[in-house]
Every structure is written in C-alpha cells, then in structure tokens.
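Data first, discussion second: the structure below is written as structure tokens.
The values are calculated or read from the model by the stated rules, or taken from the named source; none is laboratory data. Quick caveat, the model's predicted, so the values are computed rather than measured. A quick note on method: Cβ atoms are made from the backbone with ideal geometry, for glycine too, and the neighbour counts reach across all protein chains shown. Ligands, DNA and RNA are excluded from the accessible area calculation, which covers all protein heavy atoms including side chains. Shrake-Rupley method; radii C 1.70, N 1.55, O 1.52, S 1.80 Å.
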Amino acid sequence: SRAITTRSARARSLSCVMRCSVLALCATSAAALQVGPSAFQAARTVAKGSLSRAVSGASQAALAAVFAAALVSPDAAQALSKDTYNSLTYDQIKGTGLANKCADVVVGTGSIKIDGKLNKFDELCIEPKEFFVIETKTDKKGNAVTEQIVGKMMTRQTYTLTGIDGELSTDGGKLILKEKDGIDYAATTIQTPGGERVPFLFTVKGLVAKGTDSTIQPGLKLAGDYVVPSYRTGLFLDPKGRGTTTGYDMAVALPALQAGGDDALFKENNKKFEVLSGKTELTVTGVDASTGDFGGTFVSTQASDTDMGSKEPKTILLKGSWTAHIPGIDE
C-alpha cells in the first residue's frame, strides 16, 4: 500500500512538472516566432535545457512526447535573413521545413549595373506562397466571368525552386534574364474548396524575362515566358497499365476498340508528353549592391497537369517571393 501511494505521488509530481514545462516551452516558442527563426532556434535551445533539468527524472520516451507536443513549427516564422540561413547546420534545418524556404528579400535601395564580368546570376530561389486556380464560368446573362479559386497546398515541403543560375545581358537598354540550370521544377498539388485536387509542375524552365530598365534596382520588373513540361514522364503507367513508351496501347477488356475504335476513349488511350507554357513577372523590391543580393515578389500563371493529354489543362496562378545573387561583386 505504501509503495503504491509513493508511486502515485511521484507520477502526480512528474505530471505537474511536465505540464508546467510544456506551457513554458510553448510561451517561449510563441514569443520567439515574433522575431524569426534565429531567435526561435536560440529559444528552443534554452527551452530544451530548462525542460531537461525540470524533468531529469523522466524517461526519454516521456521527454520526446513533451517536445512533440510543445515545439511550435518554425514554418510560421517570418524573418529568415540570408546570413542566418547560411549559418544553420544540417541538424538545425532537418525536419523544420526551412529547406523549403527562401531567405528574406534583401532590404536596400541600391542598384547594380550589368556590364563586364557582372553578366551572370545564381542562387535564384522562388517560393510560392499563394495558389489559385483560374476558371472561366458563364453567368445567367451568358457573360464569361473569370474567377480565382483559392487552392490549399497538399504537397509537403518540396515545392520551392532553388539553386537556379543563368545569364544576364542587356538589349536595347533593357535587362534580359535567361534561366539555365538548377532545381527548376517541382511536382505540386493543390486542392480547391470543393475537394478537387489539381496537380501541376511548378517550374521556370527556359525562362527568358525582359526588364523595364537596364539596371537592377527597386521597381524593376522582369516579365517573360517559360516552358512547362509534362507532369508525368514516359515510363508512367496509369491504373489500367497504359503509357507512352511502355504499357498497353489500350485498356484491357475493351475488344471493341480493335474493331473500329471508340472516340470517347481516344485521349485516355493515346498518352502523350505535352509541353505547355507559362508566364511570370518578377518585381525587384530590394537590392544590396555591396553583396550582389536582390529580390522581390513574383506572379506566375501556368498550365496544370493534363493527365498525359486526356484532360484540358487548368490555369494556375501563383504569387510569392524570390531572391537571387550576382557573383563577382562580393569576391
């Protein structure tokens, strides 16, 4: 009886300590989110130390459960400077979602003249933050009405484009930006309020954007077109085993197709790799002439997936931020 009473008292004491520690950790994390992930990392380290001391008698399993419930994801944090981002280690980034984020757009009103050795860019990072499906409907009067339907991101933290490089030049007093290489595509899926899921390949492949000026400075706009490859590749097979380079030519158990065909199923059977198009406009809002960093906001429209030619593509509208760097200035 005495042993049972002692164990019960210890359990109640440990439960109380853990609840208090969770509340303290949540408060610390919430406060840190107001000033960004750098403060968040520091606060998390301090909170971990405090919690470890508070529950030194608890088991490792109980401690892990406390952290799982209490730590707030830094996904909600707003500030992430380039210096802070570059100073983070693999272990600090792993599992936090920060690998899917671009550094904050540089704050500055400087300017960079493109000439001589300053004819390339690298570290281009494009992070979409708002997603819409553009649909055209007909109202009661028979007029076509365009509607932007908000999309909810269904893809995990893998939809940001990063590590992109390319060339910079001028033509007729206008800046020309040409994308060459990098992680320039990401398979992405969003969901509309009605529950429909719309897959698309977020990309800027082959982007050639022409500017409104020859100098990189706040207010500069770069607009151009890019190609949107097929969401699926040649080796993909649909649920009935049909594909482009492999698989069945038609769905099994449909012998009628061999005796004249069925136009209603032609698109489903005739798989093809479609290359569509997209447009983007990059607006420069900040330039740091001493480091060569610049960035701003972007708006893009592109085609969605067509299920290898069997469906009509929808128009996807994306809005977000981007950053880039010109090598050579800070060397």
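Given the alpha-carbon gyration tensor of region 150-203, what are the semi-axes of its equivalent ellipsoid in whole angstrom, ordered largest first, with each equal to the square root of 5 times an eigenvalue?
So the three semi-axes of region 150-203 are 32, 14, 7 Å.
Hey, for a label at K129 modelled as a point 7 Å past Cα toward Cβ, could you say which residues of region 275-306 have their backbone N under 15 Å away? Zone members listed by number: 283-286, 295-300. Cross-link pairs exceeding 22 Å between alpha carbons, from the set K129/K210; K180/K311; K174/K279: K129/K210; K180/K311. These residues, R156, R242, R197, R232, go from largest to smallest accessible area, 1.4 Å probe, as R156, R197, R232, R242. When all protein chains stay in place and ligands, DNA and RNA are ignored, the 1.4 Å accessible-area order of V228, V150, largest first, is V150, V228. Can you work out the base-10 log of I(q)/I(0) for region 277-331 at q = 0.16, 0.22, 0.23, 0.25 1/Å, using the Debye formula on its C-alpha atoms alone? Here log10 of I(q) over I(0) equals -0.61, -0.81, -0.85, -0.91.
Calculated on the Cα set of region 83-177, radius of gyration then Dmax: 20.0, 60 Å.
At R0 = 51 Å, how high is the FRET efficiency between D115 and T146 if r is their beta carbon distance? Nearest 0.05 is fine. Don't jump to the answer; show the numbers that get you there.
On the way: r = 42 Å, r/R0 = 0.83.
Between D115 and T146 the formula returns 0.75.
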